[in-house]
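Following: one structure in structure tokens, then a few remarks.
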Amino acid sequence: MATETPATTSDNRNTDYATKYAKKLDQIFSERSLTAAYVSKEAAFKEDGGVASVYFRTVDTSDFLGGHTSSAFGSPSAVKSDVTRKDVELFYEINKNIPNVDLNDTAGALKEAGQVLATGIREQYSPFIDKLNIATAIKAATTYGGKNVVAYTEGKIKAGVDSMIATLKNAHSYSKTQALFVPASNETELMDAIADQFNPVKNDKMVETGVVGKYRGIDVVVVPDELFVTMTLTGTAPYAQATFTAAPTVKAVIWDKRVMKTCRKLYQTYVLTGKDAVTAGCDGPLLRGLFRPGAWVIDANGTNKAVAILKASETTGAGK
């Protein structure tokens, strides 16, 4: 994090960290997140009166090719294009006093705040987004039902994963835009089962982001068990929070990044120092910010229901 002193706003708050250091913060997030490389972030974010929405454009190309039946072009037809709006239900804040820092030392306060923010992104923000993305995929597959929920049989994990892949192929999704996520507790079982078709990764940087290799051309990402969760909302949108519950019966998740739409808006991140911190009742610099995360599975561009899970029976137990 750069440590130069940002300009102040008209009310003496420091410049928004999330704007000034957007690229650096995004790099920190991406280096720690295990799902960030496999989602679509192509969306417009708008907020009005506390209600935040994101807009995703999708194109229907089902009639893109028409018969050329004469020596001249006929009348053109419009491309079928839709904009999908999704309201962001979750709302979080950063509201932390930084102790043992002279609140009148603006440069020192900014440096400390930058380090605190970077640490928070690595240790809390990134895992939260990973849980949200995986929980969203599990919910979507469960809602679709049918072949999007593949039954897990002990000792036959390869057959289950192959069925998941077939489901996505039939949804016009292919390996280069897919990722297969597996909880750490099932890594050994899967690696043993697919050893003859598995290509281990040799890039240390990729290994750090959970990628262990490719199976049938698909990135295999091993994540901590704690990221395999389902989600319910606490509170009322647009001021709701997520409650995550462990999902030990889910043994694997696969999705196409073109249908996994996300937003993770960190904004209005200010450091209050001097009299502003004192007015807020703090004896050290005060770091404040707003965080609006969201994730949705949206059929797009000829790819439909491109998400599947491998799930054990609830009555059989998590280990079966």
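Read-outs throughout are calculated quantities, based only on the coordinates presented, and are distinct from any laboratory measurement. Just so you know, these numbers come straight off a predicted model, no measurement behind them. Ideal geometry is used to build each Cβ from the backbone, glycine not excepted, and the neighbour counts take in all protein chains shown.
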Seminar exercise, completed: The extension gain from Asn95 to Lys169, computed as 0.36 nm times the residue separation minus the Cα-Cα distance, is 22.1 nm
Exercise. According to a simple spin-label model (label point 7 Å from Cα along Cα-to-Cβ), what is the distance in nm between Ala37 and Val278?
Worked result: 5.0
Problem set entry | Antiparallel content of DSSP bridges confined to the chain, in %, to 5 | 85
Exercise. Using alpha carbon coordinates only, what is the Rg to Rh ratio of the chain, with Rh defined as the Kirkwood radius?
Worked result: 1.05
Problem set entry | Rg and Dmax of region 177-239, Cα atoms only, in Å | 15.1, 49
Exercise. Roughly what angle does helix 22-32 make with the longest principal axis of the chain, taking Cα atoms, 0 to 90 degrees, to the nearest 10?
Worked result: 50
Exercise. Rounded if a/c is under 1.5, else prolate if a/b is larger than b/c, else oblate: which is region 1-160, with a ≥ b ≥ c the root eigenvalues of its Cα gyration tensor?
Worked result: oblate
Problem set entry | Entries of Lys139/Lys305; Lys80/Lys169; Lys86/Lys261; Lys46/Lys176; Lys156/Lys176 with Cα pairs more than 20 Å apart | Lys80/Lys169; Lys46/Lys176; Lys156/Lys176
For this session: Calculate for the chain the 222 nm mean residue ellipticity that helices alone would give, adding -39,500 (n - 2.57) per DSSP H run of length 4 or more and normalising by residue count, nearest 500 deg cm²/dmol.
Result: -7500 deg cm²/dmol
Exercise. What are the residues whose amide H is under 5 Å from the amide H of Thr269, where those residues sit 5 or more places off or on another chain and H is modelled from the backbone?
Worked result: Tyr17, Ala18, Thr19, Leu290
Seminar exercise, completed: Rounded to one decimal in nm, the spacing of the 7 Å Cα→Cβ label points at Tyr267 and Gln241 is 2.2
For this session: Report the FRET efficiency, 1/(1 + (r/R0)^6), for Val51 and Gln124, where r is their Cβ-Cβ distance and R0 is 25 Å, rounded to 0.05.
Result: 0.50
Problem set entry | Rounded tilt (10° steps) of 157-169 against the dominant C-alpha axis of the chain | 90
Exercise. If the label point is 7 Å along Cα→Cβ of Ser81, which residues in region 260-294 have backbone nitrogen under 13 Å from it?
Worked result: none
Seminar exercise, completed: Stokes-Einstein, Kirkwood over Cα pairs, region 135-231, 10 °C, 1.306 mPa s; D in µm²/s equals 112
Exercise. Once amide H atoms are placed 1.01 Å from N in the peptide plane, what residues at a sequence separation of 5 or more from Asn104, or on another chain, have their amide H within under 5 Å of its amide H?
Worked result: Gly274
Exercise. To the nearest 10 degrees, how steep is helix 126-144 against the longest Cα principal axis of the chain, on a 0 to 90 scale?
Worked result: 30
Exercise. Aspartates and glutamates near Lys251 by alpha-carbon distance under 19 Å, same-chain residues fewer than 8 away left out - which ones?
Worked result: Asp130, Glu154, Asp162, Glu187, Glu189, Asp192, Asp219, Asp225, Glu226, Glu314
Problem set entry | For the chain, size of Cβ-based charge dipole, Lys and Arg +1, Asp and Glu -1, in debye | 760
Exercise. Any idea what the relative contact order of the chain is, in percent, if you count C-alpha pairs under 8 Å spaced at least 6 apart?
Worked result: 29
Problem set entry | Mean Cα-pair separation over length for region 128-206, i.e. relative contact order, pairs under 8 Å, 6 or more apart, % | 23
Problem set entry | Percent of beta bridges antiparallel (DSSP, region 141-237, rounded to nearest 5) | 60
Exercise. If you plug each phi of region 242-253 into the Karplus form 6.51 cos²θ - 1.76 cosθ + 1.60 with θ = phi - 60°, what whole-Hz ³J(HN,Hα) values come out, in order, with x for Gly and Pro?
Worked result: 9, 10, 9, 10, 4, 10, x, 7, 8, 9, 6, 9
Exercise. How large, in Å, is region 211-261 by the Kirkwood hydrodynamic radius built from its alpha-carbon pairs?
Worked result: 13.4
Problem set entry | Under Karplus coefficients 6.51, -1.76 and 1.60, residue-wise ³J(HN,Hα) of region 96-112 in Hz, glycine/proline x | 10, 7, 9, x, 6, 10, 4, 5, 8, 8, 4, 4, x, 5, 5, 5, 4
Exercise. Sorted by average packing, counted as other Cβ atoms within 10 angstrom per residue and highest first, what order do 64-73, 18-27, 220-229 take?
Worked result: 220-229, 18-27, 64-73
